[in-house]
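Everything below concerns the one structure shown next.
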Amino acid sequence: MEKFSLGSENLDLRIRIAELERELAEYRSGTVANSNGHATHAVNEDDEDEEEEDLAPQNQDDKAVRLDLDEFRRYGRQMIMSEVGLDGQLQLKRSKVLLIGAGGLGCPAAAYLAGAGIGTIGIVDHDLVEPSNLHRQIMHTVEKVGQPKVKSIISSLKRINPNPKYIAHNYALTPENSIDTLEKYDLVLDCTDSPQTRYMISDACILLGKPLVSASALRSDGQLVVLNNPPGEGPCYRCVFPRPPPPDSVLSCGEGGVLGPVVGAMGVLMSTEALKVLLSKADKKKRRKPAHLSPDIRPADAKDATKKEETPEPKKFYMTIYSAFSETPFRTIRMFGKRKTCQACSPVATITKESMKNGSLDYVAFCGGKGSGKYPPLRKDEIINVEEYNKLRENKEGGILIDVRDDIQFGMCALENSINVPITTILTLPIAPENDGTDGGERTPIPIPSWLPRDASIPIYFICRLGNDSRIAVQRLKKSGLVKGNVIKDIKGGLWEWSRKVDKSFPLY
């Protein structure tokens, strides 16, 4: 049995090699650009990146795309796969892919797409490289801190493969500019980390008929989905997530943390899905038996040629879930298809190109961003800046300092004499009847937590990493009614401001 299996594999390999030799011979006269080889130019980081207007329109004559001998050598290991072949490689070279975000997802995705030979790669990002990016955003280096991310990533991509055309879009994507930015590309990768941006990108892709690969990663978990594929048939982001997550449940990598390999793995999977989408567009030529093979040798799929063609099943759509610390890290969940009442992709859709371009769509409000109440405003007398609080500490008038970060972050670094009461604990404090809108009634008295002072003359100050959760803590403690007469204040800007303006040796993270 083993001998037969090996013989079959050898036969398939011989057939595949012969097919590639035939295809190469057929294309050599019209496909190979330079029979003397291709001299790869040296990469100069001072080279100007291609500007947006240099991107050729999609209706150009793609038949002129060719491979030179250097590209045959470079891409040969993937071209010999039946899923790629010469037609597939030419399709990749014709393709124009836009990555929105040059961070933890965008870096590995862009690297593998460049390596695979995508013809045109556009990058959208308006941020600068920061030291906190380097543990996971692998295309940026120490020397590039302070540079625009699009410039940094393109210079790294050119070192991997100088052949693709790289387009820098060094600006923030908005509803007003999204249509013009996306319309010249064949495929879009959403490598961002905010719900409002994900909805916006999905809407633009629906309006333009572009497939979308979308992924996210936070802490040790990630998820991946391919949307609007095929265009007009696959579900969009609104179909999968009709309602945005509650604002107070949304964490960025800076707030929730992220494991570098997790976001890297999701970026690599994004590039895989992107290649699958692009290769599916390649012309599928019927395999022909090479003339120099023995008559009794034929391609493996020829034996099924006489079978009656079956009606294809409706396409199914899936989401991939990754949990790094799970015993079974990868899971696949089947999704529903398009929603009949979707605002973006259904027959009753209300979102149009005009409504996006004129800015009438407020994605921030839709997702509960600004003004959502996640971080409540405080009165002026409820806030103290870090310089003022430092003077109080120096004069031994600092009262009780409560750090509301979780115990992991508190263990990393903390101000002297501060006590740790996580915000999750503070949010369990009951709200006094006079503050919860009820008529009160009999309630069991709540014991005062041990971390609260019994003396009303002792002020209470809350601090956190960035000055957000501490604001919530101030309001919740006041609503609890557990303290009477104490001064309760938020330290504005948190430990980040403390490090910048008071003690520069205090660690930032």
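Given Lys479/Lys501; Lys158/Lys357; Lys96/Lys340; Lys93/Lys357; Lys210/Lys316; Lys478/Lys504, which pairs have Cα atoms separated by over 29 Å?
Lys479/Lys501; Lys158/Lys357; Lys96/Lys340; Lys93/Lys357; Lys478/Lys504
Hey, how many Å between the Cα centroid of region 342-411 and the Cα centroid of region 176-194?
26
Taking the Cα centre as origin and putting +1 on Lys and Arg beta-carbons and -1 on Asp and Glu beta-carbons, what dipole magnitude results for region 380-501, to the nearest 20 debye?
Here region 380-501 has a charge dipole of around 200 debye.
Hey, fewest Cβ within 10 Å first, where do Lys149, Lys484 land in order?
Lys484, Lys149
Taking the alpha-carbon centroid of each part, what is the distance from region 116-169 to region 206-271 in angstrom?
21
Looking at the P(r) of region 380-501, how many percent of alpha-carbon pairs lie beyond 23 Å?
29
Could you give the size of the charge dipole of region 170-244 about its Cα centre, using +1 on the Cβ of each K and R and -1 on the Cβ of each D and E, expressed in debye and rounded to the nearest 20?
For region 170-244, the charge dipole is close to 220 debye.
Read the figures in this text as sums done on the coordinates, not as results from a lab. On a predicted model such as this, the values are computed, not experimentally measured, just so you know. Methodologically, a virtual Cβ is constructed for each residue, glycine included, from the backbone with ideal geometry; neighbour enumeration extends over all protein chains shown.
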